[in-house]
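*Asks:* Structure incoming, see below.
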Amino acid sequence: MITHPSAQEIVAGVAQWLPVDGSASIFSLRVARNALEIAARDMAMSPAADARAAERMHALLGRGGTREELDVALVEAIRSGAIASDDPSLVAHLRACALDTIAIDQPKYAHTLG
Amino acid sequence: MADRLSKNELAERLTVLAPRMVPGAERIENLVRLTGGASMATWAFDAMDGAGTATPLILRRRDRPVEYSTVAKPPLRREAAAIARAVEAGVPAPIVAYVCDEETDGLDEAYVMHRVSGETLGKKIASDPAFEPARGKLAHQCGAALARIHALEPLDGLDSTDAETTLANYERTWRATGNVRPTIEAAFRWLEKRLPPEKVTPRMVHGDFRNGNIMVDPNEGLVAVLDWEIVHIGDPAEDLGWLCTNSWKFGRPDRYVGGFGELDDLLAGYAEAGGEPMSAARVDFWSMLGSLKWGVMTMGMYASFASDPSAGPERAVIGRRLSETEADIVAIIERNAA
């Protein structure tokens, strides 16, 4: 799940910063627009991405729960060694998560995941 | 503590020091701020002699307290000493003209170096057609420069680290963020399993050798190695891996070295200039650690946003670049499993 910052923190942060006296530079306005675009994509795309991730983690961990709960359980399983960091079914899940997350956060980033 | 100086105050103090930077200089002209890093400012200016001849110079000055880093940043005085030592050994780097006295010069931590011309924008170096000739030789040149840096007698008093300590430090910092990301957890465990089995001979490493911190001529290639701010003692493979970390390929992840070159050329340049044998797996280990390091650093940026959102959303957006490093981490796990 994407936090640090959450979409809500981004929107609230832009509102708290946005100067209404016209003093904002063009650069900082561009940054703010980019931030709001990230938050908008997050709100539009995260519910489905979270549902897909939860479904994959049901299978991986053999238990149910919200994405938040399952992320915590998966971190614990990787940390304890119950699931190896290069286990193919884990890596397939992480790949799907990475593609969903990058589509929200930085869709223009040039990476090598096909 | 570093003072905020106005441009005029800065110009006045540099004028007083000009003869110590360039013999015969009487004043300075054309002072202009180039960049403000996290804690460092860079200024360009010319020292002028009585006949009106200009010597182009650069001032590096710490103007804010040092920000978070797992390697303690050495004083600028030591950075200048590292550059001087590297130049002597044939590493292309700017010649240091004067190191400021923190007590008497009124510029706090600062030094002055000769200004060389060349391109530092990573995107141009990776993609501009004009830089095609440079791209053909740059990886080899970087390998040679790194071998020469790693052969230097280390300066006294530098921070020392190795893969295991670096990893443990980043893991502690990551845990403190409270963020829950299985991919980052997997990266820590993956690296832990692949820590160098034998003791690595520690070397003086540059610490921030990447596209963006090198100056490049379109035809001649490498002109100068810049940003010696976090020079330290460590595993020499750290420098090669950081140069190959995907975060610094500026849209060209298909080229393994800095978005401009190939690993074989980097390793050949390294070996030909006397570097120790270096395997591709060792470089890839450090490129993974590089991605992880940048991922953890984005969380420092987020924390700074969260503590004062009124400063603007720029650092919040950097927090959302953690996902870039996750894509890179998964790619590295996959290519090493193949």
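The values are calculated or read from the model by the stated rules, or taken from the named source; none is laboratory data. Keep in mind that this is a model prediction, so the values were computed, not measured. Please note: Cβ atoms are built from the backbone with ideal geometry, for glycine as well, and neighbour counts cover all protein chains shown.
*Asks:* From the list B:P253, B:P313, exactly one residue is farther than 23 Å from B:P196 by Cα and touching a Gly at 6+ places or on another chain (Cβ under 6 Å). Which is it?
*Replies:* Numbers: B:P253 fails: touching a Gly at 6+ places or on another chain (Cβ under 6 Å).
Selected residue: B:P313, the only one of B:P253, B:P313 that is farther than 23 Å from B:P196 by Cα and touching a Gly at 6+ places or on another chain (Cβ under 6 Å).
*Asks:* Another one. Can you pull out every residue in the range B:90-123 that is surrounded by fewer than 20 Cβ atoms within 10 Å (Cβ to Cβ) and within 28 Å of B:R255 (Cβ to Cβ)?
*Replies:* Hits for the range B:90-123 are B:G90, B:V116, B:S117, B:G118, B:E119, B:T120, B:L121, B:K123.
*Asks:* Let me ask something else. Restrict the check to the range B:147-156 and report whether at least one residue is closer than 21 Å to B:G300 by Cα, surrounded by 22 or more Cβ atoms within 10 Å (Cβ to Cβ) and either in contact (Cβ under 8 Å) with a residue 12 or more places away in the chain or more than 22 Å from the chain's Cα centre (by Cα) (or both). Break it down into steps so the answer makes sense when it comes.
*Replies:* First, the residues of the range B:147-156 that are closer than 21 Å to B:G300 by Cα: none.
No, every residue in the range B:147-156 fails to be closer than 21 Å to B:G300 by Cα, surrounded by 22 or more Cβ atoms within 10 Å (Cβ to Cβ) and either in contact (Cβ under 8 Å) with a residue 12 or more places away in the chain or more than 22 Å from the chain's Cα centre (by Cα) (or both).
So that you can scan it fast, the table gives a plain yes or no per residue for (1) surrounded by 14 or more Cβ atoms within 10 Å (Cβ to Cβ); (2) in contact (Cβ under 8 Å) with a residue 40 or more places away in the chain; (3) more than 7 Å from chain B (Cβ to nearest Cβ):
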residue	(1), (2), (3)
A:R41	yes, yes, yes
A:R52	yes, yes, yes
A:R56	yes, yes, yes
A:G62	no, no, yes
A:I83	yes, no, yes
A:D87	yes, no, yes
A:V91	yes, no, no
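*Asks:* Next question, about the same structure. If I ask for residues that are among the acidic types (D, E), within 19 Å of the chain's Cα centre (by Cα) and more than 30 Å from A:K108 (Cβ to Cβ), which ones from the range B:219-276 would you list? Working first, answer last.
*Replies:* Initially, the range B:219-276 is screened for residues among the acidic types (D, E), giving B:220, B:227, B:229, B:235, B:238-239, B:254, B:262, B:264-265, B:272, B:276.
Cutting the leftovers down to within 19 Å of the chain's Cα centre (by Cα) gives us B:227, B:229, B:235, B:238-239.
The one that is among the acidic types (D, E), within 19 Å of the chain's Cα centre (by Cα) and more than 30 Å from A:K108 (Cβ to Cβ): B:D235.
*Asks:* Now a separate question. Name, by its number, the condition in (1) surrounded by fewer than 24 Cβ atoms within 10 Å (Cβ to Cβ); (2) aromatic (F, W, Y); (3) over 30 Å from B:V96 (Cα atoms) that does not hold for B:F250.
*Replies:* (3)
*Asks:* If B:A337 passes every condition in (1) surrounded by fewer than 24 Cβ atoms within 10 Å (Cβ to Cβ); (2) at the interface with chain A (Cβ under 10 Å from one of its Cβ atoms); (3) in contact (Cβ under 8 Å) with a residue 12 or more places away in the chain but one, which one does it miss?
*Replies:* (3)
*Asks:* Could you list, in sequence order, the residues of the range A:1-30 that are crowded, with 19+ Cβ neighbours inside 10 Å and either at the interface with another protein chain (Cβ under 9 Å from one of its Cβ atoms) or in contact (Cβ under 8 Å) with a residue 40 or more places away in the chain (or both)?
*Replies:* A:M1, A:I2, A:H4, A:P5, A:E9, A:I10, A:G13, A:V14, A:W17
*Asks:* Mind counting the residues in the range B:309-322 that are of a type outside the set (G, A, S) and either part of a helix (DSSP H, G or I) or modelled with pLDDT under 95 (or both)? Show your work before the answer.
*Replies:* Of the residues in the range B:309-322, the ones of a type outside the set (G, A, S) are B:309, B:313-315, B:317-318, B:320-322.
In the following step, the residues that additionally are either part of a helix (DSSP H, G or I) or modelled with pLDDT under 95 (or both) were identified as B:309, B:314-315, B:317-318, B:322.
Here the count works out to 6.
*Asks:* If you don't mind, there's one more thing I want to ask. Mind checking whether some residue in the range B:256-275 is in contact with a Lys or Arg (Cβ under 6 Å, 6 or more places away or on another chain), at the interface with chain A (Cβ under 7 Å from one of its Cβ atoms) and crowded, with 19+ Cβ neighbours inside 10 Å?
*Replies:* The answer is no; no qualifying residue exists.
*Asks:* Out of the residues in the range A:64-81 meeting the condition of being surrounded by fewer than 18 Cβ atoms within 10 Å (Cβ to Cβ) and either β-branched (V, I, T) or at the interface with chain B (Cβ under 7 Å from one of its Cβ atoms) (or both), tell me which one is nearest to B:N179 (Cα to Cα).
*Replies:* Only one residue fits best here, namely A:V72.
*Asks:* Residues that are in contact (Cβ under 8 Å) with a residue 60 or more places away in the chain and under 17 Å from B:E326 (Cα atoms): find the helices (runs of 4 or more DSSP H) completely inside the range B:179-298 holding 1 or more of those.
*Replies:* Ranges flagged: B:182-193.
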